[in-house]
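Report on the structure given below.
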Amino acid sequence: MDSRQLAYFRQIVESGSMSEAARVLGVAQPSLSQQTRNLEGYLGTELLTRTARGVVPTEAGQRLYEHACRIADLFEKAEAEVRAVASEPSGRVEFGLPASVSMALSIPLAETVRVEMPRVHFCATEAMSGHIKEWVKSGEIDLALLYDEDGIGDCASELILREDLWFYAAPDDWPFETPPGEPVPLAAVMALDLVLPSGRHGLRTLIDRVAKGARLEPRVVTEMDSLQQIKALVARGSGHTILSPASVHDLVEMGRLVGSQIIEPRMRRPVYLVRSARTRATTATRAIETYCRQVIADLVRRGIWQAEFPAGPE
């Protein structure tokens, strides 16, 4: 039994007659009848019942017809997917981004994808890192940027850069004698009233870990798990915060926030590109990975994203 015999048999059932199926297939009717007899002999059962009005499948023939339809669909899908690999990228790609990354990356990346790959439906999902991690593990999203590799299961990951964390305050609430832009020591930052995320947030975990390593403790007066609310509160002069420059670039440009790099020690965190193990890598997902790196490199070059690449910009 081969694919041609199944295709012939499927057409006979759908046509309801040998003569009509032979016409559609472009083969001689005697040859088609012989193919059917060969198939029945091979399977050891009658597949068609001949009537005065044509042919109808037996119970066994109906089962074979259903399998033949599924096999034909698989052939068509295989051909379409293989051809798509060599053609213009297309399809939907889900990309998960933490809010601090999304502020800088989502818009330029979306614009790049729309211009360069118009047939790709790009979906950027902004959420807390913990949620994004679960979604990429389960295959609900295809790609993600995360700050750690812990608990990502079989997903592949790649360190793409290390970003600095800075101290930020409102311009009229700057607490240091040195001007904004001059590095400030971590000990001085920890002594100030800080607005930070709660312990459920990866950023807070990192800040607490670095502070503990320096035998310091942050003086947290307000906890908020909303990046926008933290920025708004600090811009009003109601405390200070520690964030990545990429996440506050909008308010810095507007003059509502000013900041300085933290030193002694320098506060940094890695950023990983993570690929779901549950979804298939496509031309579109691979292309978006490439454009993601290119857009990030441009943001770093322009000073919007204060970070360094592991082995230089790609």
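Does residue 221 qualify as being surrounded by 20 or more Cβ atoms within 10 Å (Cβ to Cβ) and farther than 26 Å from residue 126 by Cα? Spelling it out, it is not the case that residue 221 is surrounded by 20 or more Cβ atoms within 10 Å (Cβ to Cβ) and farther than 26 Å from residue 126 by Cα. Among the candidates 141, 152, 132, 160, the residue that is assigned to a helix (DSSP H, G or I) and at negative phi is uniquely 132.
The set of residues in region 111-121 being part of a helix (DSSP H, G or I), touching a residue at least 12 places away in the same chain (Cβ under 8 Å) and over 14 Å from the mean Cα position of the chain (by Cα) consists of 112, 116. Filtering 196, 203 for residues that are closer than 26 Å to residue 300 by Cα and modelled with pLDDT of 95 or more leaves a single hit, 196.
Select, from 281, 297, 277, the only residue that is out of contact with any Cys (no Cβ under 9 Å at 6 or more places or on another chain), hydrophobic (A, V, I, L, M, F, W, C) and surrounded by fewer than 17 Cβ atoms within 10 Å (Cβ to Cβ). So the residue among 281, 297, 277 that is out of contact with any Cys (no Cβ under 9 Å at 6 or more places or on another chain), hydrophobic (A, V, I, L, M, F, W, C) and surrounded by fewer than 17 Cβ atoms within 10 Å (Cβ to Cβ) is 281. For residue 159, the test of being surrounded by 13 or more Cβ atoms within 10 Å (Cβ to Cβ), out of contact with any Lys or Arg (no Cβ under 6 Å at 6 or more places or on another chain), closer than 17 Å to residue 261 by Cα and in contact (Cβ under 8 Å) with a residue 40 or more places away in the chain is failed. Looking only at region 248-302, residues that are more than 20 Å from the chain's Cα centre (by Cα) and among the basic types (Lys, Arg) come to 6 in all. Sub-8 Å Cβ pairs linking a first residue in region 71-87 that is modelled with pLDDT of 80 or more to a second residue that is assigned to a helix (DSSP H, G or I), at least 6 apart or interchain, are 71/3; 71/6; 72/6; 72/7; 72/10; 75/3, ordered by first then second residue.
A single entry from 15, 102 fulfils the requirement of being under 30 Å from residue 251 (Cα atoms), surrounded by 16 or more Cβ atoms within 10 Å (Cβ to Cβ) and of a type in the set (S, T, N, Q): 102. Of everything listed in (1) over 23 Å from residue 150 (Cα atoms); (2) β-branched (Val, Ile, Thr); (3) outside the structural domain of residue 179 (by TED's automatic domain parsing), the single unmet condition for residue 279 is (1). Among the residues examined, residue 262 qualifies as closer than 18 Å to residue 164 by Cα and buried (at least 21 other Cβ atoms within 10 Å of the Cβ).
For region 232-242, residues that are aliphatic (A, V, I, L, M) and surrounded by fewer than 24 Cβ atoms within 10 Å (Cβ to Cβ) total 3. Of the candidates 274, 300, the single residue that is farther than 22 Å from residue 207 by Cα and part of a strand (DSSP E or B) is 274. Whenever a residue of region 193-217 is closer than 11 Å to residue 230 by Cβ, its partners that are part of a helix (DSSP H, G or I), lying with C-beta atoms within less than 6 angstrom and at least six residues away or across chains, give the pairs 195/230; 195/233; 195/234; 196/204; 197/203; 197/204. Any residue in region 200-208 that is out of contact with any Leu (no Cβ under 8 Å at 6 or more places or on another chain), within 15 Å of residue 241 (Cα to Cα), surrounded by 13 or more Cβ atoms within 10 Å (Cβ to Cβ) and of a type in the set (A, V, I, L, M, F, W, C)? No, region 200-208 contains no residue that is out of contact with any Leu (no Cβ under 8 Å at 6 or more places or on another chain), within 15 Å of residue 241 (Cα to Cα), surrounded by 13 or more Cβ atoms within 10 Å (Cβ to Cβ) and of a type in the set (A, V, I, L, M, F, W, C). Within region 20-36, being surrounded by fewer than 13 Cβ atoms within 10 Å (Cβ to Cβ) and under 17 Å from residue 65 (Cα atoms) holds for no residue.
The values are calculated or read from the model by the stated rules, or taken from the named source; none is laboratory data. Everything numeric in this text was worked out from a predicted model, so none of it was measured. Neighbour counts run over all protein chains shown; Cβ positions are idealised from the backbone, glycine included.
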